[in-house]
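> Sharing a structure with you now.
Any read-out appearing in this document is the output of simple, stated calculations on the displayed coordinates, not a laboratory observation. Not measured: the values here are computed from a predicted model. Please note: Cβ atoms are built from the backbone with ideal geometry, for glycine as well, and neighbour counts cover all protein chains shown.
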Amino acid sequence: MLNRGGLNIDYSDGFAMEEKYIAKYDFYIKQILDSDYIESATRTIVDQACGIDIYATIKENVYGVSLRVRTSDFHSFTLSRHVNDQYSEILKWVKQSQGIIKPAYHIQINEGKHYFTITKIDVQEFSLHLNDLIHEGKLESYYNTMLLAYEFRLSELTSNEAITKKIIYK
């Protein structure tokens, strides 16, 4: 089955990639989340239906975390699928969380040649910004047709309290 966001990666290949990156960046994911423990949610119902790739314990509570790894650093983070697509990440993020399961945090890792960046986005906090963009008619300006995703430049979001970014040198 070929349908993982705009990349059209086979599901089984995508799940294998998620597992690989969760293991590779385990220490840094825990560090940016201030978590003692993370566990993969790959292939579970919350992964497939809600986009939660990891469970993380943070101060004795369990949170869902979505994960994206990009093999280059474009100094941005992306949310897959157009808002008109029923599986759009934008729709999942702005949905009211009254009893539904959605990620609390989104982690994106961008790999550079001699470094990588790890960025944490507070989903609830950033969804307020997304709602503003939607209501002001500005969301479309972030859609990248080549990626089939919304791309948000980190340099434009430096004052947004929902964003935490770290640069780690290899």
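> Convex hull volume of the Cα atoms in the chain, per residue, in Å³? List each step's numbers first, then the result.
Numbers: hull volume 20.6 nm³, N = 170.
Enclosed volume per residue, from the Cα hull, is 121 Å³.
> What number, in percent, do you get for the relative contact order of the range 12-106 if the mean sequence gap of Cα pairs under 8 Å and at least 6 apart is divided by its residue count?
Working: 113 pairs, mean separation 20.9, N = 95.
Worked out over the range 12-106, it gives 22 percent.
> Summing -39500 (n - 2.57) over the DSSP H runs of n ≥ 4 in the chain and dividing by its residue number, what mean residue ellipticity at 222 nm do you reach, to the nearest 500 deg cm²/dmol? Don't skip to the answer; put the middle values down first.
Values: 5 runs with 47 residues, N = 170.
Helices in the chain give a 222 nm mean residue ellipticity of -8000 deg cm²/dmol.
> If I stretch the segment between ASN131 and SER155 completely, what's the gain in nm (0.36 nm per residue apart, minus their alpha carbon distance), one decimal? The partial results should precede the final answer.
Numbers: separation 24, 0.36 × 24 = 8.64 nm, distance 2.00 nm.
Net length gain for the segment: 6.6 nm.
> On to the next question. Principal axes first, then extents: for the Cα atoms of the range 48-143, list largest minus smallest coordinate on each axis, whole Å, largest first.
Sorted largest first, the three principal extents are 40, 37, 23 Å.
> Next question. P(r) for the range 17-89: what percent of alpha-carbon pairs falls in each 10 Å bin, starting at zero?
18, 46, 31, 5
> Using a/c under 1.5 as the rounded threshold, could you call the range 97-168 rounded, prolate or oblate? The axes a ≥ b ≥ c are square roots of the C-alpha gyration tensor eigenvalues, and prolate needs a/b larger than b/c, oblate otherwise. Please report the intermediate quantities before stating the final value.
Values: a/c = 1.79, a/b = 1.30, b/c = 1.38.
Oblate is the answer for the range 97-168, as a/c is 1.5 or above yet b/c matches or exceeds a/b.
> While we're here: Under the definition of Cα pairs under 8 Å and six or more residues apart, what whole-number percent is the relative contact order of the chain?
Numbers: 282 pairs, mean separation 34.5, N = 170.
Computed over the chain, the figure is 20 percent.
> Hey, with R₀ at 35 Å, roughly what FRET efficiency would LYS166 and LYS138 work out to, going by the Cβ-Cβ distance, to 0.05?
On the way: r = 28 Å, r/R0 = 0.80.
The calculated FRET efficiency here is 0.80.
> Holding the Cα-Cα limit at 21 Å, pick out from LYS30/LYS166; LYS30/LYS92; LYS59/LYS95; LYS30/LYS113; LYS30/LYS95; LYS92/LYS113 the pairs that are longer than that.
LYS30/LYS92; LYS59/LYS95; LYS30/LYS113; LYS30/LYS95; LYS92/LYS113
> Something else: For the pair ASN61 and MET146, what calculated FRET efficiency results from E = 1/(1 + (r/R0)^6), where r is the Cβ-Cβ distance and R0 = 45 Å, to the nearest 0.05? Show your work: numbers first, answer last.
Values: r = 38 Å, r/R0 = 0.85.
The calculated FRET efficiency here is 0.75.
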